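Scroll down for the structure; my scribbles are underneath it.
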Amino acid sequence: MKRAGKYAVLGLAAAAAVSVPRIAQAPEPVVALPPDRTEICVTGQDPHAHAGHADHADHSQARVRAGSRVAEPGSRVSPRVAEQVERELDRQEITGRLLRGTGDRKRIHVPVHFHVLHDGRKGKITKKAVNEQIKVLDAAYRGAAGGADAGINFYLKKITWTKNKGWFKQPRRYETAFKKKLRKGGDSTLNIYTAELGTELLGWASMPWDYRKSPKQDGVVVHHASLPGGKIKDYDLGYTAVHEVGHWLGLYHTFGRDYPERDGCAAGDLVGDTPSQKEPTNGCPENAPDSCPAWGRDPIHNFMDYGYDRCMTEFTEGQVERMRNAWERYRP
Ligand SMILES: [Zn+2]
């Protein structure tokens, strides 16, 4: 937790992870960013964060802490990919409805390979902590915290511990390398990696439609201290993994920032029953704001928002439908 880079300005009232064009255009930027700086990197010297950002733009999703100024690794989906995905999911939904008929939901059982990266001193998560994380993940997708039951269950297949200082300390830089070495299973196997993600970034994930192009890169990376009982205040109940797995299953953020050049209210998450939301939630407000003209107050308790862990309790039925459609289409 010692690395507050020069762009890591904390304590802003504005919420986390505004997409970078908006940082640059924000009326009262705390730090004036150079206009060509398309992404603020986590480590301050992570080449992966800067080089070829466009190539990675449709690659992954992320969660950051409140007040962070760090950009999400490739968190924006290109319009081309987004449109293609929606076409594929629409088709899937039509077929799925015909096939389901009675509306019976078959439960989906997802094996999890859990990869602990550490440097010999830090990050050496215990088996108990991993088991706790799997429990939290499984419970969230059963609707145990209050939301819809997704009918998706998770069980631990195997834990690996890998001592590698570089991988642990600079996971974005070495992502390709450690995934290539460690990833197990096919498109329906979840691989979770834990590493040191710095002081702002909590995790990131690949999307299901990325699998066909980059099967080895499929999976979720979370901060080692975000597991249940971890050391990150307000993000220590294990909901970072729940959020990232939501991306892994095809969900966008409720604040709709996954499309470039569109306001959160206009962009949305392409799910019908999550109210639109202009900005990510900061912390855990007592009363949900109503930031968009469309119906409903901001979904501050949704797992796909950025609230504190204790604020997060639910997926909606619409999100469940989307995840299950994406599963049938991309991870059958
Ligand atoms: Zn996210």
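Summary of computed values
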quantity	calculated
Residue ID - nearest to V245 (Cα to Cα), chosen from residues in the stretch 106-153 that are among the charged types (D, E, K, R) and either modelled with pLDDT under 95 or in a loop (DSSP other than H, G, I, E, B) (or both)	D149
Verdict on S291 being away from the ligand (no atom under 16 Å from the Cβ), surrounded by 21 or more Cβ atoms within 10 Å (Cβ to Cβ) and assigned to a loop (DSSP other than H, G, I, E, B)	no
Of all residues in the stretch 194-212 being of a type outside the set (V, I, T) and part of a loop (DSSP other than H, G, I, E, B), the one that is modelled with the lowest pLDDT	E200
Breaking point among (1) more than 18 Å from the chain's Cα centre (by Cα); (2) within 17 Å of I152 (Cβ to Cβ); (3) of a type in the set (F, W, Y), for W295	(2)
Restricting the stretch 160-190 to residues that are touching a Phe, Trp or Tyr at 6+ places or on another chain (Cβ under 6 Å) and surrounded by fewer than 18 Cβ atoms within 10 Å (Cβ to Cβ), the residue that is farthest from S206 (Cα to Cα)	G166
Test: G283 is assigned to a loop (DSSP other than H, G, I, E, B), closer than 14 Å to D309 by Cα and more than 16 Å from the ligand (Cβ to nearest atom)	yes
When residues of the stretch 229-256 are limited to those that are away from the ligand (no atom under 13 Å from the Cβ) and among the hydrophobic types (A, V, I, L, M, F, W, C), the one nearest to the chain's Cα centre (by Cα)	L237
Odd one out for V242, checked against (1) part of a loop (DSSP other than H, G, I, E, B); (2) out of contact with any strand residue (DSSP E or B) (no Cβ under 8 Å at 6 or more places or on another chain); (3) at pLDDT 90 or above	(1)
Selection within the stretch 199-228 - within 16 Å of the ligand (Cβ to nearest atom) and among the small types (G, A, S)	G203, A205, S206, G219, S226
Criterion (farther than 20 Å from R142 by Cα, in a helix (DSSP H, G or I) and of a type in the set (D, E, K, R)) met by exactly one of K216, K231	K216
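The values are calculated or read from the model by the stated rules, or taken from the named source; none is laboratory data. Values in this document were obtained by computation on a predicted structure and should not be read as measured data. All Cβ positions, glycine included, derive from the backbone under ideal geometry; neighbour counts span all protein chains shown.
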